[in-house]
Amino acid sequence: MIGIFDSGFGGLTVLRHVRTALPTHDVVYFGDSGRTPYGGRDVHTILDFSEQATERLFEEGCRVVVVACHTVSCVALRHLQQRYAGPGSDKRVLGVTIPAVEAAMEVTQGHIGLLATAATVRSNTYAAELAKLGQVRLSARAAPVLPPIVEEGWEGSVTAREAVRAYLADLSGIDTLVLGCTHFPLLRGVIEEVVAPGVHVLDPGPFVAARLVDWLRRHPDFDPGEGEGALRVLCSGDPTSFAAHGARFLGEALPVVHHVAEVDGRLAHRDPGDAPVGQVVRDRSRR
């Protein structure tokens, strides 16, 4: 199986393209909706959360994990690869940053804009990866208001349009705009209305899927091969809400969503109905 994870719903936009490109491969998706967003988190929290997500997917039987979250891919991907996918490991961890950078370089005329989370912009990963491929100018803008707008289902609202307009005002002169957060493809229509004429709006999702297909072809030992096209979905938030909202991101109804929660530093399956209510006293022997 192939594992894909994101800080919440957004990675379902990547999953949509992966399922189109690899329709017979079985996939496990984890959305950390109970702890989203990651974009405003400190680096060490992002590392902790991404380790737990990666380990959960390995425990589900995945040997290849795709980090669909741009924040994690920009901040923690190298850490995850060194920790879990070093020499001799039978597992691999892939990200979304390199496919996005390569796709942008193919179409830009020299000035790329990046709309992303604060953590992604702060990491400077896009600038570093672009510099490896050529001399281009990068203008980046953190847009923390946009993911909550999408999660509320307001992507076609006046609120969304005005927020997009305000953020894009800081990206004048660009010829290519990378949607550096997996929520933003749902805002693509609004973004294309607001962005300057002639600017190429780039959703990395299709390129991530295409690069995954190519990577599996070049690394057949890690290709799980054809399955039944089964999809298993996990989330750390409310499963009913995740299924309802997730359908907008995936473009189709989700299967039964299973709940996982942090227990003693790892993500474990747990019935959300078992969560205690009211005042809770923890056993002092637990550390």
Identify, please: which residue in the stretch 42-74 is closer than 11 Å to residue 91 by Cβ and among the aliphatic types (A, V, I, L, M) and is, among those, surrounded by the fewest Cβ atoms within 10 Å (Cβ to Cβ)? 64
Scope the stretch 241-282; condition part of a loop (DSSP other than H, G, I, E, B) and either touching a strand residue (DSSP E or B) at 6+ places or on another chain (Cβ under 9 Å) or buried (at least 18 other Cβ atoms within 10 Å of the Cβ) (or both); matching residues: 254, 255, 256, 270, 271, 275
In the stretch 203-240, how many residues are outside any helix (DSSP H, G or I), surrounded by 12 or more Cβ atoms within 10 Å (Cβ to Cβ) and out of contact with any Ser or Thr (no Cβ under 8 Å at 6 or more places or on another chain)? 8
Residue set 71, 24; condition out of contact with any strand residue (DSSP E or B) (no Cβ under 7 Å at 6 or more places or on another chain), under 21 Å from residue 187 (Cβ atoms) and among the polar types (S, T, N, Q); output residue 71
Subset of the stretch 185-202 [in a helix (DSSP H, G or I) and either touching a strand residue (DSSP E or B) at 6+ places or on another chain (Cβ under 6 Å) or of a type outside the set (A, V, I, L, M, F, W, C) (or both)]: 185, 188, 189, 191, 192, 193
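Just so you know, all these numbers are worked out from the coordinates, no wet-lab data involved. Worth saying up front: this structure is predicted, and the values here are computed from it rather than measured. All Cβ positions, glycine included, derive from the backbone under ideal geometry; neighbour counts span all protein chains shown.
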